[in-house]
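S.K.: Sharing a structure with you now.
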Amino acid sequence: MSPADSKFQFQAELSSLGTAIEEITERITNIADSLARQKLDGYAHDLYQAERSLKSALRSVAKVRQT
């Protein structure tokens, strides 16, 4: 496999991972919002913390994709 092919495959996989992280983040946020509306703040807080971690992961993936 040539370096160009390898880079393309690498970029495609990172793009797919980025999409998956975005989808999971959205699902977690929706659940956290629902829990917060139900006054289950402890659970919501934990999920919001997971949301922040996923957003950080997404930024890291995006940074690598741009190199």
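Coordinate-derived values only; no laboratory data. As the structure is a prediction and not an experimental result, all values here were calculated from the model. Cβ placement follows ideal geometry from the backbone for every residue including glycine, while neighbour counts extend to all protein chains displayed.
S.K.: Go ahead and set up a Gaussian network model of the chain, Cα springs under 10 Å, then flag whichever of Ala12, Ala50, Ala32 fluctuates most.
M.R.: Per the Cα network of the chain with a 10 Å cutoff, Ala12 tops the list.
S.K.: Right, another one. What are the ³J(HN,Hα) values, in whole Hz, obtained from phi via the Karplus relation 6.51 cos²θ - 1.76 cosθ + 1.60 with θ = phi - 60°, for each residue of region 33-44 in sequence order, with x given for Gly and Pro?
M.R.: Along region 33-44, the couplings run 4, 5, 5, 5, 5, 8, 6, 9, 5, x, 5, 4 Hz.
S.K.: What FRET efficiency do you get for Gln9 and Thr29 if R0 is 22 Å and r is their Cβ-Cβ distance, rounded to the nearest 0.05? Numbers along the way, then the final one.
M.R.: Values: r = 31 Å, r/R0 = 1.39.
Efficiency at R0 = 22 Å is approximately 0.10.
S.K.: Please find, in a Gaussian network model of the chain (springs between Cα atoms separated by less than 10 Å), the residue of Leu40, Leu54, Leu14 whose mean-square fluctuation is greatest.
M.R.: Taking springs between Cα atoms under 10 Å, the residue moving most is Leu40.
S.K.: With springs only between Cα atoms under 10 Å apart, run a GNM on the chain and tell me which of Glu22, Glu13, Glu51 wobbles the most.
M.R.: Largest GNM mean-square fluctuation: Glu13.
S.K.: May I have the pair-distance distribution P(r) for region 3-65, computed from all Cα-Cα distances with 5 Å bins from 0 and rounded to whole percent?
M.R.: Over region 3-65, the share of Cα pairs per 5 Å bin runs 4, 20, 22, 16, 12, 9, 8, 4, 3, 2, 0 percent.
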